[in-house]
């Protein structure tokens with residue numbers, strides 16, 4: 001369950017008309033803080049971000065599913081059960097949390113997050129990276145002109 005302050009910040013972002021990814025960023029930030037504080041761990045930076053996005057989706061933030069889910073729809077099997085009609089089982093939730101607690105906190109380190117960001121940017125292509133860098137430069141200039149820290 002997300003913290004009350006995280007829900008409030010995300011709601012404020014929504015009221016200000018910010019994008020769903022910005023609203024979801026609050027949940028990702030909370031998840032990274034949890035890992036750094038030792039509440040639980042994660043195997044990789046990607047997993048830490050995925051957990052935060054999952055929390056955001058459950059809180060009602062309108063984030064589309066990942067591209068992987070859009071690409072390969074799974075065919076329903078007659079042998080496979082189609083989930084628990086009353087939501088996930090307590091036993092499954094407890095075992096997932098126990099597994100996360102066994103993981104380390106290095107997934108939320110600055111180096112790990114930086115590696116993940118660079119790898120993600122590399123997948124986007126040079127033109128997209130250039131546009132993102134130009135947008136970041138404009139934002140920095142705007143913040144400096146308003147007297148805020150960049």
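The values are calculated or read from the model by the stated rules, or taken from the named source; none is laboratory data. Since the model is a prediction, treat every value here as computed from it, not as a measurement. All Cβ positions, even for glycine, are placed from backbone atoms using ideal geometry, and neighbour counts span all protein chains on display.
In segment 110-123, how many residues are without any contact (Cβ under 8 Å) to a residue 60 or more places away in the chain and within 23 Å of residue 31 (Cβ to Cβ)?
Initial filter on segment 110-123 (without any contact (Cβ under 8 Å) to a residue 60 or more places away in the chain): 110-111, 114, 117-123.
Now narrow it down to the ones that are within 23 Å of residue 31 (Cβ to Cβ): 110-111, 114, 117-121, 123.
Total satisfying the criteria: 9.
Here is a list of conditions, (1) surrounded by 10 or more Cβ atoms within 10 Å (Cβ to Cβ); (2) modelled with pLDDT of 85 or more, and residue 127 meets all of them except one; can you say which number that is?
Condition not satisfied by residue 127: (1).
Name the helices (runs of 4 or more DSSP H) wholly inside segment 1-72 in which the number of residues that are on the phi < 0 side of the Ramachandran plot and surrounded by 14 or more Cβ atoms within 10 Å (Cβ to Cβ) is 2 or more. Full working, then the answer.
Working: elements: 4-15, 20-37, 45-58, 67-71.
Filter on segment 1-72 gives 4-15, 20-37, 45-58.
So residue 142 ticks every box in (1) loosely packed, with under 11 Cβ neighbours inside 10 Å; (2) at pLDDT 85 or above but one. Which box is left unticked?
Status for residue 142: all satisfied but (1).
Between 3, 30, 16, which is modelled with pLDDT of 95 or more and either closer than 30 Å to residue 121 by Cα or in contact with a helix residue (DSSP H, G or I) (Cβ under 8 Å, 6 or more places away or on another chain) (or both)?
Details: 3 fails: modelled with pLDDT of 95 or more; 16 fails: modelled with pLDDT of 95 or more.
Checking each option against the conditions leaves just 30.
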